[in-house]
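A.B. asks: Provided herewith is a single structure, encoded as structure tokens, for subsequent inquiry.
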Amino acid sequence: MKMIEPEQLIDVLTWRYATKQFDPGRKIPAEIWEALEDALVLSPSSYGLQPWQFYVVTDPAVKAALRPHSWDQSQVTDCSHHVVFAIRTTLEADFVEKYIARIAEVRGVETSAMDFLKGMITADILEGPRSKIVQEWATRQAYIALGNFMISAALLGVDTCPMEGFDPAKYDEILGLPAKGYKAVVACPAGYRAATDKYASLPKVRFDKSDLIQHI
């Protein structure tokens, strides 16, 4: 596998920004979007448990319905794909069983070979202290997927804008998430920046590396 050079990575990260204006006339090509969906699926999570679903909104009518509940941000309607990151509202034993069965299927092993992992997940997420804050835990996992999605998009020349500025309850209602056992926690429009977006050319403002990184 050919890896990119370090300077290429920094160039991409410098190019990326939270896009304020998308070009509504540009859509993400199908093959690029397919890769980005694969990137979402490949996102890491604690135990590999994937306590999420990703709702990809491209229907203009649904985008229009979401926009008033997104602080009227134009990115929601002007982007190519609006991704809503949703977490499971509960984590039950049957979901863990489903995950264990999937491991056995993919890796060609008996489910009994996963007994140790199953026990760890059960003791921690289902029965341990984190079982009391499982939605908070799942939300943190969703943000890992968000970061993975944004960097993957940037590497493919696709712009994004991470978005907490929306009413999750209204998103849940419009997308019908409660009946599916999910709730929205963060969103991310994706597409291509408009030529008129002045923020695209502004230099990034970050603290000096010495302020943020300490070697011990």
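A.B. asks: Is one or more of the residues making up the range 145-156 over 28 Å from Ala61 (Cβ atoms) and among the aromatic types (Phe, Trp, Tyr)?
C.D. replies: For the range 145-156, residues over 28 Å from Ala61 (Cβ atoms) and among the aromatic types (Phe, Trp, Tyr): absent.
A.B. asks: Taking Val57 as the residue in question, decide whether it is within 21 Å of Ala184 (Cα to Cα) and among the aliphatic types (A, V, I, L, M). Before you say what the answer is, go through the steps one by one.
C.D. replies: Working: within 21 Å of Ala184 (Cα to Cα): yes; among the aliphatic types (A, V, I, L, M): yes.
Criteria met by Val57.
A.B. asks: Return the residues of the range 100-113 that are outside any helix (DSSP H, G or I) and loosely packed, with under 10 Cβ neighbours inside 10 Å; say none if nothing qualifies. First the steps, then the outcome.
C.D. replies: Of the residues in the range 100-113, the ones outside any helix (DSSP H, G or I) are 108-110.
Of everything in the range 100-113, those that are outside any helix (DSSP H, G or I) and loosely packed, with under 10 Cβ neighbours inside 10 Å turn out to be Gly108, Glu110.
A.B. asks: Next up: Going through the range 149-201 one residue at a time, which ones are of a type in the set (Lys, Arg) and over 29 Å from Ile10 (Cα atoms)?
C.D. replies: Scanning the range 149-201 gives Lys170, Lys180, Lys183.
A.B. asks: Report, by residue number, each residue of the range 25-68 that is over 28 Å from Met120 (Cα atoms) and either at pLDDT below 95 or of a type in the set (Val, Ile, Thr) (or both).
C.D. replies: Restricting attention to the range 25-68, the residues satisfying the condition of being over 28 Å from Met120 (Cα atoms) are 25-37, 55-68.
Of everything in the range 25-68, those that are over 28 Å from Met120 (Cα atoms) and either at pLDDT below 95 or of a type in the set (Val, Ile, Thr) (or both) turn out to be Ile28, Ile32, Val56, Val57, Thr58, Val62.
A.B. asks: In the range 70-85, how many are farther than 13 Å from Ile28 by Cα and part of a helix (DSSP H, G or I)?
C.D. replies: Of the residues in the range 70-85, 3 are farther than 13 Å from Ile28 by Cα and part of a helix (DSSP H, G or I).
A.B. asks: Taking only pairs six or more apart or across chains, which ones have beta-carbon atoms under 8 Å, a first residue in the range 98-109 that is within 15 Å of Thr122 (Cα to Cα), and a second residue that is of a type outside the set (A, V, I, L, M, F, W, C) and outside any helix (DSSP H, G or I)?
C.D. replies: Between residues of the range 98-109 that are within 15 Å of Thr122 (Cα to Cα) and residues that are of a type outside the set (A, V, I, L, M, F, W, C) and outside any helix (DSSP H, G or I), the close pairs are Tyr99/Gln50.
For (1) loosely packed, with under 12 Cβ neighbours inside 10 Å; (2) touching a residue at least 40 places away in the same chain (Cβ under 8 Å); (3) farther than 24 Å from Leu49 by Cα, each residue gets a yes or a no:
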site	(1), (2), (3)
Asp115	yes, no, no
Leu146	no, yes, no
Leu175	no, yes, no
Ala190	no, yes, yes
Asp197	no, yes, yes
Val205	yes, no, yes
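A.B. asks: Quick check on Leu126: is it at pLDDT 95 or above and buried (at least 18 other Cβ atoms within 10 Å of the Cβ)? Write out each step before concluding.
C.D. replies: Values: at pLDDT 95 or above: yes; buried (at least 18 other Cβ atoms within 10 Å of the Cβ): no.
Here the answer is no, as Leu126 does not meet what is asked.
A.B. asks: Could you list all residues from the range 148-173 that are under 22 Å from Pro24 (Cα atoms), small (Gly, Ala, Ser) and surrounded by fewer than 21 Cβ atoms within 10 Å (Cβ to Cβ)? Quick ask: steps written out before the conclusion?
C.D. replies: Narrowing the range 148-173 to residues under 22 Å from Pro24 (Cα atoms): 149-166, 171.
So of that shortlist, the ones also small (Gly, Ala, Ser) come out as 152-154, 157, 165.
Matches in the range 148-173: Ser152, Ala154, Gly157, Gly165.
A.B. asks: Going through the range 141-185 one residue at a time, which ones are hydroxyl-bearing (Ser, Thr, Tyr), in a helix (DSSP H, G or I) and within 13 Å of the chain's Cα centre (by Cα)? Walk me through it before giving the result.
C.D. replies: Of all residues in the range 141-185, those hydroxyl-bearing (Ser, Thr, Tyr) come to 143, 152, 160, 171, 182.
Pick out the ones that are also in a helix (DSSP H, G or I) and you get 143, 152, 171.
Answer for the range 141-185, where residues must be hydroxyl-bearing (Ser, Thr, Tyr), in a helix (DSSP H, G or I) and within 13 Å of the chain's Cα centre (by Cα): Tyr143, Ser152.
A.B. asks: Mind listing just one residue for me: the one in the range 79-96 that is over 13 Å from the mean Cα position of the chain (by Cα) and not β-branched (Val, Ile, Thr) and, of those, surrounded by the most Cβ atoms within 10 Å (Cβ to Cβ)? Write out each step before concluding.
C.D. replies: To start, the set of residues in the range 79-96 that are over 13 Å from the mean Cα position of the chain (by Cα) comprises 79-80, 88-96.
Next, only the ones that are not β-branched (Val, Ile, Thr) stay: 79-80, 88, 91-95.
Details: Cys79: 28, Ser80: 21, Arg88: 20, Leu91: 20, Glu92: 12, Ala93: 12, Asp94: 8, Phe95: 18.
Within the range 79-96, the match that is surrounded by the most Cβ atoms within 10 Å (Cβ to Cβ) is Cys79.
The values are calculated or read from the model by the stated rules, or taken from the named source; none is laboratory data. What you are looking at is a predicted structure, and each value in this text was computed from that prediction instead of being measured. Cβ: placed from backbone, ideal geometry, glycine included. Neighbour counts: every protein chain shown.
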